[in-house]
Amino acid sequence: MSILITPQTKILVQGITGAFGGKHAQLSLDYGTQVVAGVTPGKGGQFFEHAGHKVPIFNSVHEAAAATGATVSVIFVPPPFAGDAILECVDAGLDLAVCITEGIPIKDMIRVKRAIAGKKTRLIGPNCPGLVTPGTGEGSKGGCRIGIAPGYIHKKGHVGVVSRSGTLTYEAVYQITSKGLGQSTSVGIGGDPVNGTSHLDVIKLFNEDPDTKGIILIGEIGGNAEVEAARWIKDNCKKPVAGFIAGATAPAGRRMGHAGAIVGGAEDTAEAKIAVFKECGIEVAATPTDMADALLRAAKAKGVSLS
């Protein structure tokens, strides 16, 4: 099994006629993902063509979903318009909106956050790499790739990955695959201070998924999302969990890459988060190269096979 998406999930691409959106739509089609529609206002009636695929383009998300049955959107829309693009998914009643766009104004995301509260649509991102549920083909093709992650480093398996960092998501996935294991789903939730789905939201889904046997949780300095997830894991999760916190060497007060990665208080530091991880029974990876080994240590301690 997987969480949130399956190889049968039908997705639409907002911004499919842009260079970035178009390129990643091509890569997803090559991966075997069911890309059934594109959305670009003013270009309805045209087609996005690639390698024998002919994807219809619509003027709105509502039109695209009604015509194709798409339930998930991936958003490659410029920052000034991305907030409205997310809300269009909510109005259309999609299950999932995955926003790749970086640099959305915080005031726009606050407006989005308030508007989607209690609604059907779940938001992943913004400023995230998206999700991958690996398939069984060569290079894990035949799965569902939504966003910008390299599909070929994945392998179908039983480890769930959730991360604020795109690069570290790929690193953890590659390490797991290199050890002959695989992933149920990898989820990049993004590094912005105002986002949709949290670490804890994803951890709960992995905990309920019978096919996910172990979890890697990757966080950063700034905010308390990792601490919130760790304390829930301590009380509720029986599966082995390994964690890594990026930013241990970041100078105090300096924002590091992601907009949300800045220490605002004593509990925002890497040291504080690592201490909570250890207190909650999470096996801590000392370096980024230790993430898969840390999960193997956690699995061994609990007597769990990850294969």
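Looking across the range 65-121 at every residue that is free of Cβ contacts under 8 Å to residues at least 12 places away in the same chain and of a type in the set (D, E, K, R), the one that is nearest to residue 47 (Cα to Cα) is identified as 84. Any residue at all in the range 45-60 that's among the hydroxyl-bearing types (Ser, Thr, Tyr) and closer than 17 Å to residue 190 by Cβ? Within the range 45-60, none of the residues are among the hydroxyl-bearing types (Ser, Thr, Tyr) and closer than 17 Å to residue 190 by Cβ. With respect to (1) in contact (Cβ under 8 Å) with a residue 60 or more places away in the chain; (2) in a helix (DSSP H, G or I); (3) farther than 22 Å from residue 33 by Cβ, the lone exception for residue 205 is condition (3). Please pick out the residue among 145, 111 that is modelled with pLDDT of 95 or more, surrounded by 18 or more Cβ atoms within 10 Å (Cβ to Cβ) and of a type in the set (Lys, Arg). None of the others qualify; the one that does is 145. The residue of the range 190-210 that is surrounded by the most Cβ atoms within 10 Å (Cβ to Cβ), among those that are acidic (Asp, Glu) and at pLDDT 95 or above, is 209.
Output the number of residues of the range 45-60 satisfying the condition of being farther than 18 Å from residue 141 by Cβ, in a loop (DSSP other than H, G, I, E, B) and either of a type in the set (A, V, I, L, M) or touching a Cys at 6+ places or on another chain (Cβ under 9 Å) (or both). The total comes to 0. Of 142, 188, all but one fail to be outside the structural domain of residue 95 (by the TED database) and on the phi > 0 side of the Ramachandran plot; the exception is 142. Taking (1) over 19 Å from the mean Cα position of the chain (by Cα); (2) more than 30 Å from residue 247 (Cβ to Cβ) in turn, residue 89 satisfies each apart from (1). Residues that are farther than 26 Å from residue 294 by Cβ: list the strands (runs of 3 or more DSSP E) wholly contained in the range 61-160 that include at least 1 such residues. In the range 61-160, the matching strands (runs of 3 or more DSSP E) lie at 72-75, 96-99, 122-124, 144-147. With respect to the conditions (1) assigned by the TED database to the domain that holds residue 17; (2) under 26 Å from residue 150 (Cα atoms); (3) in contact with a strand residue (DSSP E or B) (Cβ under 8 Å, 6 or more places away or on another chain), residue 133 lacks only one, and its number is (1).
Of the residues making up the range 267-291, those that are more than 18 Å from residue 203 (Cβ to Cβ) and either part of a helix (DSSP H, G or I) or of a type in the set (A, V, I, L, M) (or both) number 10.
Using the structure shown, decide if residue 157 is farther than 16 Å from residue 217 by Cα, touching a Ser or Thr at 6+ places or on another chain (Cβ under 8 Å), in the same structural domain as residue 294 (by the TED database) and not polar (S, T, N, Q). So residue 157 fits the description; yes. Within the range 217-247, track down each residue that is in a helix (DSSP H, G or I) and in contact (Cβ under 8 Å) with a residue 12 or more places away in the chain. Correct list: 225, 226, 227, 228, 229, 230, 231, 232, 233, 234, 236. Taking the criterion of being buried (at least 23 other Cβ atoms within 10 Å of the Cβ), out of contact with any Cys (no Cβ under 9 Å at 6 or more places or on another chain) and not in a helix (DSSP H, G or I), the residues of the range 13-44 that qualify are 13, 15, 16, 35, 37, 38, 39. State the number of residues belonging to the range 15-60 that are more than 13 Å from residue 100 (Cβ to Cβ) and either charged (D, E, K, R) or not assigned by the TED database to the domain that holds residue 88 (or both). Residues flagged as more than 13 Å from residue 100 (Cβ to Cβ) and either charged (D, E, K, R) or not assigned by the TED database to the domain that holds residue 88 (or both) within the range 15-60 amount to 4. Taking the range 161-199 as the range and being under 11 Å from the mean Cα position of the chain (by Cα) and either part of a loop (DSSP other than H, G, I, E, B) or among the small types (Gly, Ala, Ser) (or both) as the test, the residues that pass are 163, 164, 165, 166, 186, 188, 189, 190, 191, 196, 197, 198.
The values are calculated or read from the model by the stated rules, or taken from the named source; none is laboratory data. All values derive from a computational prediction rather than experimental measurement. When we count neighbours, we look across all protein chains shown, and the Cβ atoms used for this are built from the backbone with ideal geometry, even at glycine.
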